[in-house]
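Only one structure is covered here, and it is reproduced in the block below.
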Amino acid sequence: MKSKTLSAVSIILTSLLLIACNATTIGLQNDFKKGNFSIGKSDRNDVVNYLGLPQKIVNDDKGNIHYLYEGETHLVGLCIGCGNVNGGVGLIPSLINQHNIENGAEYVFDPAGLLIAKFESEKHSN
Amino acid sequence: MLKIVRLIVSLAVITLFTACATITPPLTDDKTKNLRNGKSVVIFSDPNHQINYLEDIYMVLAVSQEASTSSYNGIWNSEKDLAAIHTEELSKIGLDVTSIHDSMSSTDITEFKPLLDELDSLSKSQSSGGFGFNKSGDTENGVHKKINNKLRLKLKEKGYDYLFWISSPGLTLHLKALGLPPWQYFNHTYRVYDLSRNELVWGSPLGILYTDVEKIPEGQTGKQFLESNNLAGLKRDTKKIIREYYNMKDKSKRISYLIGLEKITKTAPAN
């Protein structure tokens, strides 16, 4: 009886873990250097094709365009012992406030879209 | 940090909108008649120019939620493309409507952008917790009752009688845990202004429209799903959701019925 219960529990846990493993992620890139973007050669399309859209786009006074990338998501909710977080702000807001993004990159393009400067952080191993 | 605060505020506002989406009653017959007989212009406002991503992460004993955004500011002119979809759908209802992008030159739109943004700036104040403020003057409950007179005169000069001002904080893709299908929502605020009287005649933040997305192909991330191939997924899904506002199965929730342009006919029970 015990072994039957144990195997049932293990099957359920394994299924749940498998479901978790198969989940779709947002998919932020954090290995910026791997893109091998070259100043004076790469353009906006090269960067967006590899990294996706940036988190922020800023135009400066010179007409240059800055693409700011974050390599991590922001923790906005945590629900312990529940099945789902449904758009809430979480039960442990202190965790939210402590979460800082430490991995990112900035790419600067001239008005024609050519890469003229880049700042890339090292990939963080999580 | 600012982004987190903004996201939390957005989520709180979404919750508030869901809880208290006060929709103005449908227009009376004489007003809908005027609306049908008049010429209308459509402005779609997308002040944030961003996709909002949410991801639930299953941790056996808990679920956490992570968030990110993607900016398409200067990459995709959503205001022009999505105004065209609203215009197309409103014309199917029988209105004489034109997108502002087909009516004004891009130079004119650039010139009037600050005036258009005024309508949004108040929505942003509302998003910052300003519900119920400024009940006198030109605003009520954070909604402009009038539009800037310079903008109004310019639209009148172009021959328009009504302005459909439609705004959205952007598409949200919520990736669920435990094998649940992802959700997308694209909340809209509608306002209809009578340009002759400079008066808000109908408007409301509508409730959020939830839509199950098509299955995300295996191995594809949320960003790839919406952003790859020149934002093909984002363009497809925003347009699809807008069309649903006008073509919902539940007719009573369609824009045409909410405004009062179409009525639900109740069939008398058979004796």
Using mean Cβ contacts within 10 Å as the protection proxy, how do B:59-71, B:40-52 order, highest first? B:40-52, B:59-71
Using a Förster radius of 35 Å, what is the FRET efficiency between residue B:62 and residue A:43 based on their Cβ-Cβ separation? Nearest 0.05, please. 0.25
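For a quick protection proxy, order the peptides B:209-218, B:225-234, B:81-90 by their average other-Cβ count within 10 Å, most packed first. The partial results should precede the final answer.
Details: B:209-218: 13.2, B:225-234: 18.8, B:81-90: 20.7.
Order by mean packing, descending: B:81-90, B:225-234, B:209-218.
Could you put B:186, A:37 in order, starting from the residue whose Cβ has the fewest other Cβ atoms within 10 Å? Intermediate results must be reported in sequence, preceding the final value.
Numbers: B:186 24, A:37 19.
Sorted ascending by nearby Cβ count, the order is A:37, B:186.
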Arranged by the count of other C-beta atoms within 10 angstrom, fewest first, what order do B:97, A:108 take? A:108, B:97
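In the structure shown, do any of A:62/B:156; B:154/B:251; B:113/B:176; B:80/B:154; B:158/B:249 have a Cα-Cα gap over 30 Å, and if so which?
Check vs 30 Å cut-off fails for A:62/B:156; B:154/B:251; B:113/B:176; B:158/B:249.
Taking each residue of A:59-69 in turn, how many C-beta atoms of other protein chains fall within 10 Å of its C-beta, and what is the average?
For peptide A:59-69, the averaged partner shielding equals 1.
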Going by Cα centres, the range B:96-111 and the range B:47-80 are how many Å apart? 30
Treating cross-link reach as a plain straight distance, find the lysines whose alpha-carbon is under 20 Å from the alpha-carbon of residue A:56, omitting any fewer than eight places away in the same chain. A:33, A:118, A:123, B:3, B:124, B:223, B:235
Enumerate the amide H contacts of residue B:45 below 5 Å, restricted to partners 5 or more residues apart or on another chain; note that Pro and chain-start residues carry no placed amide H. B:166, B:167, B:168
Which order do the peptides B:103-109, A:25-31, B:159-165 come out in when sorted by mean C-beta neighbours inside 10 angstrom, highest first? B:159-165, A:25-31, B:103-109
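Just so you know, all these numbers are worked out from the coordinates, no wet-lab data involved. Note that this is a predicted model, so its numbers are computed, not measured. All Cβ positions, glycine included, derive from the backbone under ideal geometry; neighbour counts span all protein chains shown.
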